[in-house]
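Participant: Pasting a structure here, questions to come.
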Amino acid sequence: MTQVKDIIDSCDTGLAHGLSIQLIAKLNRMVSSPVLVEVKHALIDTGSSAVNPYLQPLAAEALTRAVIKRGEKLTINSCLRTTVQQHIIRRQFEKGLCGITAAALPGRSNHERGAAIDIVNPDDWQLHLEIFGWRRLGLGDPPHFDFWDCRKDIASLQISAFQMLWSEHNPHDILAIDGVYGSITASKIDISPIDGW
C-alpha cells in the first residue's frame, strides 16, 4: 500500500487523488448543505488529476460567469487543494523539492478554502476575473487568484474531516477532532493510503 510519505518526492499531488476525493466527500457530509460544488463548464479545463475541480458555491458561480462573459477557454492548474495535497506541497517546500518557493501550512491556504485558483495565461484573464470578484495575488505568485466573497473558512473543516476519516479507519489510533494541523495529524497524513480507505 502506497502511503502519502512515499510520493512526496514525485512532485505530483494527483497521486493522492483517491484520498483527496474521499476527503472532499467526507467534508460535504459533515455539513447541512455542501460547502463545495464542482466547477463544470465547457470552457473550463481542469483536466489534470492533480486538480480537484471544486470551489465554494459563490466562487464557482463567479468563475463560470467570467468565463461565459469572455467566451474563451480557461485552463486551471490548481483549484481546491485538500488538506492532504497541501500537506504534500508543504513537505515538498520544506525539502526544497519541485521548485516550490512558498507553501502555507495546511489550514492556512485559500486553495483549501475552495476560494482560489491558479490559471494559465493570468495576464489575459485578470480583468475578466476581477469584474466578477476575483483578485490576483501579484508578483509573488502570478497565476494565483483569490475570490474574496467566500463566507466559510472550510480549511479547518477539511482538517477535521481528515481526522474523522483517520479515526474511522484506525479505531485503535483515534485522533482528536479539533481541526488543527499539528505534528500528530501531520504524521497520520504521512502514513495514510494515497488511494484512500
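The values are calculated or read from the model by the stated rules, or taken from the named source; none is laboratory data. Worth saying up front: this structure is predicted, and the values here are computed from it rather than measured. So basically every Cβ, Gly included, is an ideal-geometry build from the backbone, and we count neighbours across all protein chains shown. Heads up: the accessible areas ignore ligands, DNA and RNA and are worked out on the full protein's heavy atoms, side chains in. Shrake-Rupley method; radii C 1.70, N 1.55, O 1.52, S 1.80 Å.
Participant: Any residue at all in the stretch 36-49 that is within 21 Å of Asp141 (Cα to Cα) and out of contact with any strand residue (DSSP E or B) (no Cβ under 6 Å at 6 or more places or on another chain)?
Facilitator: For the stretch 36-49, residues within 21 Å of Asp141 (Cα to Cα) and out of contact with any strand residue (DSSP E or B) (no Cβ under 6 Å at 6 or more places or on another chain): present.
Participant: Considering Ser20, Ser109, which residue is modelled with pLDDT of 90 or more, within 22 Å of Gly182 (Cα to Cα) and polar (S, T, N, Q)?
Facilitator: Working: Ser109 fails: modelled with pLDDT of 90 or more.
Of the residues listed, the single one that is modelled with pLDDT of 90 or more, within 22 Å of Gly182 (Cα to Cα) and polar (S, T, N, Q) is Ser20.
Participant: Would you say Ala103 is touching a residue at least 12 places away in the same chain (Cβ under 8 Å), part of a helix (DSSP H, G or I) and farther than 18 Å from Leu36 by Cα?
Facilitator: Answer is no for this residue.
Participant: I'm checking my understanding of the structure. Among residues of the stretch 4-29 that are under 15 Å from Leu157 (Cβ atoms) and without any contact (Cβ under 8 Å) to a residue 40 or more places away in the chain, which one is surrounded by the most Cβ atoms within 10 Å (Cβ to Cβ)?
Facilitator: Asn28
Participant: Now for a different question. Which one is modelled with the highest pLDDT, of the residues in the stretch 112-146 that are among the small types (Gly, Ala, Ser) and assigned to a loop (DSSP other than H, G, I, E, B)? Explain how you work it out, then say what you get.
Facilitator: From the stretch 112-146, those among the small types (Gly, Ala, Ser) are 114-116, 133, 138, 140; that's our starting set.
Keeping just the survivors that are assigned to a loop (DSSP other than H, G, I, E, B) gives 114-115, 133, 138, 140.
Details: Gly114: 91, Ala115: 93, Gly133: 96, Gly138: 79, Gly140: 75.
This residue is Gly133.
Participant: May I ask you to list the residues in the stretch 106-128 that are free of Cβ contacts under 8 Å to residues at least 40 places away in the same chain and not charged (D, E, K, R)?
Facilitator: Asn110, His111, Ala116, Pro122, Gln126, Leu127
Participant: Counting only residues that are crowded, with 16+ Cβ neighbours inside 10 Å, more than 17 Å from the chain's Cα centre (by Cα) and either of a type in the set (Phe, Trp, Tyr) or outside any loop (DSSP other than H, G, I, E, B) (or both), how many does the stretch 171-189 have?
Facilitator: 2
Participant: While we're on this one: Looking for something farther than 20 Å from Cys150 by Cβ, out of contact with any Lys or Arg (no Cβ under 7 Å at 6 or more places or on another chain) and open to solvent by 10 Å² or more (accessible area, probe 1.4 Å) - is there at least one such residue anywhere in the stretch 104-114?
Facilitator: Within the stretch 104-114, not a single residue is farther than 20 Å from Cys150 by Cβ, out of contact with any Lys or Arg (no Cβ under 7 Å at 6 or more places or on another chain) and open to solvent by 10 Å² or more (accessible area, probe 1.4 Å).
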